[in-house]
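A short reminder: the numbers here are calculations on the coordinates, not readings from a lab. All values reported here derive from a predicted model rather than from experimental measurement. Here the Cβ positions follow ideal geometry from the backbone for every residue, glycine too, while neighbour counts run over all protein chains shown.
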Amino acid sequence: MFIYIAGPLCSETERAFNKDLDTFLKRIGHDTYLPQLDGGFLDDLLADGRSEDEIRWHLFQRDLQAMDRCDTLLIIMDGRTIDEGACFELGYMYSRGKRCIGYKTDSRSYIRGRNNLMIDSAVERICSSFDELGAYLKDTTAPESS
């Protein structure tokens with residue numbers, strides 16, 4: 001399975017968690033696209049002399065191309081609200097009929113103890129640990145045909 005990891009990139013803690021999740025998914029046999037590693041990170045790319053607007057457009061296009069290649073989206077849903085970029089990615093993948101899975105360890109929620117219904121309706125399952133995610137992916141992934 002080729003999994004696009006959608007989540008916040010604003011803090012060192014978020015980026016470290018994203019890398020840990022990426023490492024876990026690769027260890028259990030999946031290919032991944034993690035925007036901060038595979039697409040590039042805005043602050044790092046500014047050093048090459050291009051304008052910020054040009055780099056932002058380049059990153060947007062790379063991420064769209066990656067989502068088109070991936071068959072599954074894993075959206076990190078932690079935080080008081082879900083990262084707006086990740087919400088866009090979820091909507092993009094869902095509208096293309098791609099598999100969408102949530103990952104949430106945070107008990108905070110926005111509406112009556114639940115997520116926004118547009119988010120909950122777009123994901124097939126919300127997992128709350130690496131073990132649960134690994135088991136779910138194993139149980140719901142069809143074996144490769146020879």
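Within the chain, the longest run free of GluC sites (Glu not before Pro) that sit in a DSSP loop with at most 13 other Cβ atoms within 10 Å is 1-123. Beta bridges assigned by DSSP with both partners in the chain are antiparallel in approximately 5 percent of cases. Annotation for TRP57 and SER129: the two label points, set 7 Å from Cα along the Cα-Cβ direction, are 4.7 nm apart. Looking at the stretch 52-111, the trypsin sites (Lys or Arg not before Pro) that sit in a DSSP loop and have at most 15 other Cβ atoms within 10 Å of their own Cβ are ARG80, ARG96, ARG108.
Which whole-angstrom value gives the distance between the alpha carbon centres of the stretch 116-136 and the stretch 1-69? Rounded to whole Å, the Cα centres lie 20 Å apart.
Projecting the Cα atoms of THR140, LEU37, MET77 onto the charge dipole of the chain, computed from C-beta unit charges around the Cα centre, puts THR140 farthest toward the positive end. For the chain, the longest principal axis of the C-alpha atoms and the axis of helix 52-69 are separated by about 30°.
Modelled this way, with points 7 Å down the Cα-to-C-beta line, the labels at ALA16 and ARG112 are 3.8 nm from one another.
For the stretch 75-146, the Kirkwood estimate of hydrodynamic radius, built from reciprocal distances between every pair of different alpha carbons, is 13.1 Å.
Note on the chain: Cα-only Rg and Dmax are 15.4, 48 Å.
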